[in-house]
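What follows is a set of notes on a single structure, which appears directly below.
The values are calculated or read from the model by the stated rules, or taken from the named source; none is laboratory data. On a predicted model such as this, the values are computed, not experimentally measured, just so you know. Note that each Cβ is placed from the backbone with ideal geometry, even for glycine, and that neighbours are counted across all protein chains shown.
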Amino acid sequence: MKKVEVPLENQLAMGSMIFPWMFDEIHALRKFKGAAHILAEKKDWPPLYDITALNNNKVPVVAAVYYEDMLVNFKLVMNNILDSRDSVVDN
């Protein structure tokens, strides 16, 4: 496995992450190890968010974004919000 150095200011907590070792150490996950490995090896996933589809969305979307969220980068979220059609930011 290649080691990747990430600057401290870019590191986020691993709140909703799952790691390969968990399928060995957590009994309830053992039966999913094979399927998880297949999914982890898949390389041709489509983009998680389709900006074009989001911009064509006719349903209003509202979200609370927290500046000091330990799991989500505030600037990244705000950039995505501002890229979406009809976005309104209320401070």
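Here are the numbers for this structure:
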{"read-out": "Yes/no for Asn91 being surrounded by 10 or more Cβ atoms within 10 Å (Cβ to Cβ) and at pLDDT below 80", "value": "no"}
{"read-out": "Counted residues, segment 8-59 - those being polar (S, T, N, Q) and either part of a helix (DSSP H, G or I) or modelled with pLDDT of 90 or more (or both)", "value": "3"}
